[in-house]
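These notes are about the structure you will find just below.
The values are calculated or read from the model by the stated rules, or taken from the named source; none is laboratory data. Everything numeric in this text was worked out from a predicted model, so none of it was measured. Virtual Cβ from ideal backbone geometry, glycine too; neighbours counted across all protein chains shown. Heads up: the accessible areas ignore ligands, DNA and RNA and are worked out on the full protein's heavy atoms, side chains in. Shrake-Rupley method; radii C 1.70, N 1.55, O 1.52, S 1.80 Å.
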Amino acid sequence: MIEKFLSADAKNLRPSAIRALAKYLNDPNVISFAGGSPNPETFPAERFAEIAERVLRERRTVSLQYGPTRGLARLCEFVAARSGVKAEEVILTTGSQQALDLLSHCLLDAGDIVAVELPTYIGGTSAFYARSATLAGVAQDDDGIVPESLDQLASKKRIKFLYTIPNFQNPSGRLMSQRRRDQVLEIAHRRDFLIIEDDPYGELVYVDGADTTPIKSRDRDGRVLYLGTFSKILAPGVRCGWIVGPKALIDRIEIAKQAADLCSGMLDQAIIDEYCSAGELPAQIERVRAFYRGKRATMLAALQQHLGSRAQWTSASGGLFTFVTLNDPIDTASRLEQAVGSGVTFVPGSPFFVDGSGQNTMRLTFAKETDGRIREGIARLAHVFA
Ligand SMILES: Cc1ncc(COP(=O)(O)O)c(C=O)c1O
């Protein structure tokens, strides 16, 4: 009965294939390389508890009151200073997921074409599908987007924007080279489309010499809309992300956000604001890097030991994921149940490819498990794909 009342956009909503795996994530007998959440051990919980008590008692007119739609002024300024832009070019959002939704709302009409990486983040594609956009895939190699693939697409179709995650991409873990970033921006200029640069993982660097300089840093005409978030460096439960873009667009997004939620959670912003103003963020980022660095090394070594001759994987020089491609044309999704039965779980790669390819791929996170369980889990996985 309700179906006939649904909007065209609501009919285009697509459930996340990853969220469907959630039921396996909390079974202690199953070693989980699925999911994409940061490890709770990295959360600055004690400091947040102290700060929360203080802001609740002493700053109640800020922390418990409605606040500015643009976000808490001092936190906006902090974010702007870190990005080297003016505060008027920044809006804080309820996580960068809301940034994806608001940008889609403000930029997309039904049928507009969005170019996305093959593979790409499902929360991004969900936001674009929700506005009835048409998604077109662009090839990647180890250096990121293949410029010829993007240019070829843009020569055939009028692209509204390219959605890219250049730093330690979800799901592939890849880092786009700086040369490729220049080429991508040049194509965007020549073919006249916007770029949404989503960067939740840029601070999670585990190797020397990884150059994470954003595309936004060489944007001269307000073509690049940069998204950041505190989710992976602090905690995702304090829902706080941001958009950096031209003031004219940020002003529009502010109006769209008024309709969406009036303002993001003020308690969340007040806690993060106090934490950052006290100068605690750089040391926290170092702690988070150190925490994941060893887990990443353990996973890569285990992959080499158990799957070395049968698969290839990305080096995950940062972020939370490595992406595995099996040499044989095995559909990883068809082995998921068997894997769970063997006490290990992963995310099949295909849902990350908007063209339906990637059957022989899977995403593995090293964020959740201990070193011992990572080694054991990869051994089990190798058995499943033997
Ligand atoms: C690429 C990418 N963008 C955006 C998000 C959303 O992050 P949040 O809304 O917590 O800032 C995620 C979360 O995993 C992500 O991987």
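Can you tell me how much longer the chain between E286 and E186 gets when fully stretched, taken as 0.36 nm per residue apart minus their C-alpha distance, in nm with one decimal? Before the final figure, lay out the partial values.
On the way: separation 100, 0.36 × 100 = 36.00 nm, distance 3.38 nm.
Stretched out fully, the E286 to E186 stretch lengthens by 32.6 nm.
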How fast does the chain diffuse by Stokes-Einstein, in µm²/s, taking the Kirkwood radius from C-alpha pairs at 25 °C and 0.890 mPa s?
-> 113
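When ranked by the protection proxy of mean other Cβ atoms within 10 Å per residue, highest first, what sequence do the peptides 54-61, 37-44 form? Show your work: numbers first, answer last.
Details: 54-61: 13.0, 37-44: 16.4.
Answer by packing, highest mean first, reads 37-44, 54-61.
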Percentage relative contact order, the chain, counting C-alpha pairs under 8 Å, at least six apart = 24
Among chymotrypsin sites (Phe, Trp or Tyr not before Pro) in the range 104-147, those in a DSSP loop whose Cβ has at most 16 other Cβ atoms within 10 Å are none
Under a point-charge model restricted to the Cβ atoms of Lys and Arg (+1) and Asp and Glu (-1), what is the dipole moment magnitude of the range 33-173 relative to its Cα centre, in debye to the nearest 20?
-> 640
What does the charge add up to near S264, with Lys and Arg as +1, Asp and Glu as -1, over the other residues with Cβ less than 15 Å from its Cβ?
-> -1
What spacing in nm lies between the two simple spin-label points modelled at I330 and A386, each 7 Å away from Cα in the Cβ direction?
-> 1.0
Which order do peptides 320-326, 109-115 fall in by mean Cβ count within 10 Å, highest first?
-> 320-326, 109-115
May I ask you to compute the full-extension gain from S7 to E58, defined as 0.36 nm times their residue separation minus their alpha-carbon distance, rounded to one decimal in nm?
-> 13.8 nm
May I ask which residue of L336, T325, A115 lies farthest towards the positive end of the charge dipole of the chain, with charges of +1 (Lys, Arg) and -1 (Asp, Glu) on Cβ and the Cα centre as origin?
-> L336
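When ligands, DNA and RNA are left out and all protein chains stay put, how many square angstrom of accessible area per residue does the chain have with a 1.4 Å probe? Don't skip to the end; give the middle numbers.
Working: 16630 Å² over 386 residues.
Each residue of the chain exposes 43 Å² on average to a 1.4 Å probe.
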Rg and Dmax of the range 22-174, Cα atoms only, in Å = 19.8, 59
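Between E77 and E148, 0.36 nm times their residue separation minus their Cα-Cα distance comes to what?
My answer for the length gained is 21.7 nm.
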In the chain, carbon and sulfur make up what percent of the accessible area (probe 1.4 Å)?
-> 51
Partner lysines for K295 [C-alpha distance under 29 Å; skip if fewer than 8 residues away on the same chain] | K23, K232, K368
Sorted by packing (mean other beta-carbon atoms within 10 Å per residue), highest first, where do 205-214, 233-242, 1-10 land?
-> 233-242, 205-214, 1-10
When only alpha-carbon atoms count, how far does the range 198-249 stretch along each of its three principal axes, as whole angstroms with the largest first?
-> 33, 31, 10
